[in-house]
1. Test each condition in (1) in a strand (DSSP E or B); (2) surrounded by 15 or more Cβ atoms within 10 Å (Cβ to Cβ) for residue 306 and report the one that comes out false.
2. Out of the residues in the range 452-470 that are out of contact with any Asp or Glu (no Cβ under 6 Å at 6 or more places or on another chain) and farther than 18 Å from residue 420 by Cα, state the one that is modelled with the highest pLDDT.
3. Does the range 436-481 hold any residues that are outside any strand (DSSP E or B), among the hydrophobic types (A, V, I, L, M, F, W, C) and closer than 25 Å to residue 501 by Cα, and which are they?
4. Of all residues in the range 60-96, which are β-branched (Val, Ile, Thr) and touching a strand residue (DSSP E or B) at 6+ places or on another chain (Cβ under 7 Å)?
5. Just give me the residues in the range 55-89 being open to solvent by 70 Å² or more (accessible area, probe 1.4 Å) and either within 20 Å of residue 317 (Cα to Cα) or outside any loop (DSSP other than H, G, I, E, B) (or both), in sequence order.
6. Please count how many residues of the range 100-127 are part of a loop (DSSP other than H, G, I, E, B), at pLDDT 75 or above and surrounded by 14 or more Cβ atoms within 10 Å (Cβ to Cβ).
7. Examine the range 499-508 for a residue that is acidic (Asp, Glu) and either crowded, with 17+ Cβ neighbours inside 10 Å or assigned to a strand (DSSP E or B) (or both), and state whether such a residue exists.
8. Go over the candidates 675, 640 one by one and state the one that is open to solvent by 20 Å² or more (accessible area, probe 1.4 Å) and over 24 Å from residue 153 (Cβ atoms).
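The values are calculated or read from the model by the stated rules, or taken from the named source; none is laboratory data. Remember, predicted model here, so these are calculated numbers, not experimental data. Here the Cβ positions follow ideal geometry from the backbone for every residue, glycine too, while neighbour counts run over all protein chains shown. Remember, those area values only see protein heavy atoms, side chains included, never the ligands or the DNA or RNA. Shrake-Rupley method; radii C 1.70, N 1.55, O 1.52, S 1.80 Å.
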Amino acid sequence: MKLINKFVFTISCILLSVSVFAQQFSIMGKIIDESSHSIAYANILLLKTQDSTIVTGTISDDFGKFIFNEIDSGNYIIKVSFIGFEDFFQKVSVQDNTELKTILLKESTETLSEVEIIYKKPTFKREADRLIFNVEKTALIEGTMLQVLKSTPGVLVLDSGISIKGSEPTVYINNRKVQLNSDELVQLLESSSANNIKSVEVITNPSAKYDADTGVVLNIVMSKNLITGYRGSIFTNYTQGVFPRYKIGTGHFFKNSKISLNLNYNYTNSKINRDGDDAVNYLDSNNTIDEIWRSKTNRNTWFETHNLNFNFDYFIDENNTLSVSSSMLFLPYFKYRVFNNTVITDDNSLFLFRFDSNNLSRDNKQNLGFDLDYTHQFKKGQLSFNTHFTTYDYERVQNVFSDFFDQSNAFESSSAFNTNSNQDTKIFTSKIDYSLPINKTSNFEAGVKYSNIKTESDITQFDIDVNTGNEQIDLQNSDAFDYDEKVFAGYSNYSLDTDKWSLSLGLRVEQTDIKGVSISNNETNIQDYFEWFPSASLQYNISEQFNIYTNYRRSINRPAYTDLNPFQFFLNESIVVVGNPSLTPVFKDHYVIGVTLSKNFTVEAYYQNYDGNISELPIQNNETNIIFFTPVNLDKKIEFGFDFSAYFKATKDWSVYFVTSFYNIEEETNFGNGFVKQDQWSNYSELQNDFTFLKDKSLTVNLTLTWAGKNLQGLSIVEDRLVSDLSISKTILKKKGIISLTISDLFNEQDYKVSNQYLNQFNTRFINSDNRYIGLGFRYKFGNTKLSANEHSTSIEERERLDTKH
């Protein structure tokens, strides 16, 4: 007992002595200007005297006051800064609680126009599994996130979304998936400042950490926020295409030592035009042309959207962070009108009859997503937890009215029907990720995830007597569909990065349980499968200028919820869009081998095998003269090709990215009444030019030309098209304002033709989209515009499958 008492006494003395020697103090002060007015939101940094490294930072409150707590005794430097004032420095020796004399900031006598701002040049790096475009401290960060992506090699930004070599990437910000569809994503990036982007990563071979149905990943890496304060911006855009479009938005960021808040809102008011010229050659039993149905269609879409995105971080302590984030879309007004004129002739172009259809739909939609994140930092390693919930409600009321005219072009009859459709979707996911640095060159990651998606949909069609206006339910075209999907996933991944070798090995497993029930038909579709998804990347650096790499990944593409819905949507009496509840997932194996020369030149060969690739096919019924657009699983799709890319500086103010790909696609399937096999060689090329002008690099120009040669997509031949975009931006008002000009489809070559001719299918479509426009924009930044930010948005891949087709 005496021994124990001595031990307790000794430990108590040690703890007491440690607490005495480790005593901490506070530093407080107040900041004013030359008129004795308090300066709120000024940046105050506490620096070490020895090497000027940052100990901590804070901002002044509304009364200009600030305080540092829990400061060890010692010698420090106080640095105070605020836009429009000279920086203030003061040495301070802390041996007790310290209250500084009032700090007076003097207005800066220099204007930005008198200072030569030195920018770094963007750099480009190729690794085994990704391309890294470093933009930190370059002129590009003076614009928006969207403008940075436009300058990122290999990334094509169109008005309708973001594309990488013809496919839509999954976008992350600081390794958090953005939970918006393509249109909403463009709006978010357009309203977000690029001031704190460190780099953009184009991850062509995602590791096992990413969902198995993730394709190419676009990860926007933000600089770590060390400085506190407030920053805001407002912006507005006017776009003139066929019709005018308007956007207005605002973004706000605030951070202190305990919290960080980022908020973005934008409002869009648009009218979009689309024209089509379609021809269906209906065939007889000998597969010769019987009748030709030529349809000219005009589609107009009016809509107003409200997008709100926020992220709130609470720093519990230096090792624990709690985050709440949300992305909300409200569509209070949506009107979709399709006017169609169809002329029917025989095989000699002799007029038989015609009809006109007027299709008017009104939608109401809201898409609300919420995330809760918790991160714990161990001395060695990190544990993170995320849970997500989405509620998606969609309603549509459709009215279709058609007039028919006989062979003499005299009015013959009319028909009309209405449909009411609804969709209610709930998504819940939860995941845990653990990361452990093994040593300075290697890292281990592991995690688990659960997701559940439930969708309840219904559609009711009413046939209308055009003489009396009476409605009668059409039971054949009315239905209800319930969908329930559960996915259980787990993964582990090992990575190694040395001077000579880079290696990543991962394995992801997923158990999927799906049940789809068509209520009226009493049909149930059940899918239950367990799959393995390995991934690997290997790079060997022969020298600083030369490396060789290879990678492999197996992935899955699950059907979109709208594709599984069996409902029929009539555009008119002869054109129907219908889902397919029997769709199965697509499995893809992707192999790559390549070499990089002189850091900026890459030659690559690839091979992709798709098992059950999903394609929406136009399937014409030659007996009923109705064409159905429906998704189907193809038996086989193989794509292989060779890519050549280069990124270099033509001059000190002109950077060039060029890529060209020669590839072959082969597709085949058995429709039951015949076997179809198609293959097509094609070329995809992109030339991207970025220019900076003026002494302060305040004028930037981006010119991008993209050539998509004749290619094969879902047994359809898509003809050549040229995509061209020019964007110009100029910073004004001492770098606080940005004006921009965008011109799309410079050469009017972006529209294209699609044709199908196999077995008893013979039809063509010409798509003329509203993609030729001029846009003007203005953005103004206020507050402490030198801040770093925590801008990020969360997402899950399940939300991306919610898109409604029109």
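1. Answer for residue 306: the failing condition is (2).
2. The residue in question is 452.
3. Selection gives 438 alone.
4. Residues satisfying the conditions are 67, 71, 77, 78, 80, 92, 94.
5. Of everything in the range 55-89, those that are open to solvent by 70 Å² or more (accessible area, probe 1.4 Å) and either within 20 Å of residue 317 (Cα to Cα) or outside any loop (DSSP other than H, G, I, E, B) (or both) turn out to be 65, 67, 69, 70, 72, 75, 89.
6. 3
7. So far as the range 499-508 goes, no, none of its residues is acidic (Asp, Glu) and either crowded, with 17+ Cβ neighbours inside 10 Å or assigned to a strand (DSSP E or B) (or both).
8. Matching residue, one of 675, 640: 675.
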